[in-house]
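The values are calculated or read from the model by the stated rules, or taken from the named source; none is laboratory data. Treat the numbers as computed from the prediction; the structure is a model and nothing was measured. All Cβ positions, even for glycine, are placed from backbone atoms using ideal geometry, and neighbour counts span all protein chains on display. The accessibility values were calculated without ligands, DNA or RNA, using every heavy atom of the protein model including side chains. Shrake-Rupley method; radii C 1.70, N 1.55, O 1.52, S 1.80 Å.
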Amino acid sequence: MDPEMEEIHDGDTVWRFERDFLTSRWSCLWGRGCQGIGPEPAEDLGLGCCSIGADLGDADEARMIAALAATLDSARFERHAEANEGGIFSDGARTHTRVVDGACIFLNRPGFGGGAGCSLHLAAVEAGESPVDWKPSVCWQLPLKVDWEAGTDETEVATVRRWTRRDWGAEGEKMAWCCTEGSLAYVGDQPVIDSLGAELEAIVGTEVYVELRRRIAEQ
């Protein structure tokens, strides 16, 4: 059965939202039960969904990430030496972050003195800024995914939904676990419309997000 969608028209864009997910109690389990996206469950490694690095949307995003990386020091960035030596990108095209020892170069491992987790995320919080403004878009949007397609009368249709195993491509077929499938991660104390409110607003804009919250609250 296809998921129920909430549809909002915003100029030339038709936004479609997966209502069941936005009203669910999904919560990120990184550091508290996340089994990673490798072929075997590996909670102890603390890799989360960072084991394949991050795709970068365009040259502007690559430049932004490079500039922010240059502000990180070794106290906050575990792979600082590797970044200095070989850079943060996987190749000259600068479309993907490097994978070092099985995970994105920006991932600090459990036990690191500067804090485990994404070094960009940690630095943003320390600076009093939103991680949305520091991290690659694919990272801060997860587990939200936006599918774009052409609509009628020169409109675009943007479907906002949860990531699923198939969205990971070939890797998805081998993953031991996918956090949005099954029930393990649906243990939050807020619905996704609130817990991921900042991310949703950054994706769709304030006006559409406010209308979305109004509609969901009414039903």
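Here are some notes:
Yes or no, residue by residue, for (1) out of contact with any helix residue (DSSP H, G or I) (no Cβ under 8 Å at 6 or more places or on another chain); (2) at pLDDT 95 or above; (3) surrounded by fewer than 15 Cβ atoms within 10 Å (Cβ to Cβ):
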position	(1), (2), (3)
LYS145	no, yes, no
ARG165	no, no, no
LEU196	yes, yes, no
GLU199	no, yes, no
VAL204	no, yes, no
TYR209	no, yes, no
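- Residue within region 88-106 that is touching a helix residue (DSSP H, G or I) at 6+ places or on another chain (Cβ under 7 Å), closer than 13 Å to LYS135 by Cα and not β-branched (Val, Ile, Thr) present: yes
- Failed item in (1) open to solvent by 50 Å² or more (accessible area, probe 1.4 Å); (2) touching a residue at least 60 places away in the same chain (Cβ under 8 Å), with CYS178 passing the rest: (1)
- Hits in region 125-160 (condition: of a type outside the set (D, E, K, R) and more than 15 Å from the chain's Cα centre (by Cα)): VAL125, ALA127, GLY128, TRP148, ALA150, GLY151, THR152, THR155, VAL157, ALA158, THR159
- Scanning region 178-219 for residues that are over 17 Å from ARG161 (Cβ atoms), of a type in the set (S, T, N, Q) and outside any helix (DSSP H, G or I) yields a total of 3.
- Within region 71-123, the set of residues being among the small types (Gly, Ala, Ser) and assigned to a loop (DSSP other than H, G, I, E, B) comprises SER74, ALA75, GLY87, SER90, GLY92, ALA93, GLY102, GLY111, GLY113, GLY114, GLY115, ALA116.
- Residue count for region 111-148, restricted to those that are of a type in the set (Asp, Glu) and farther than 17 Å from LEU56 by Cα: 2.
- Positions within region 31-44 being in contact (Cβ under 8 Å) with a residue 60 or more places away in the chain and surrounded by fewer than 17 Cβ atoms within 10 Å (Cβ to Cβ), in sequence order: GLY31, GLY33, PRO39, GLU40, PRO41, ASP44
- Looking across region 124-141, just one residue is outside any loop (DSSP other than H, G, I, E, B), touching a residue at least 60 places away in the same chain (Cβ under 8 Å), over 25 Å from ALA42 (Cβ atoms) and among the hydrophobic types (A, V, I, L, M, F, W, C), and that is VAL132.
- Among all positions in region 118-126, there is at least one residue which is open to solvent by 60 Å² or more (accessible area, probe 1.4 Å), farther than 29 Å from LEU22 by Cβ and modelled with pLDDT of 95 or more.
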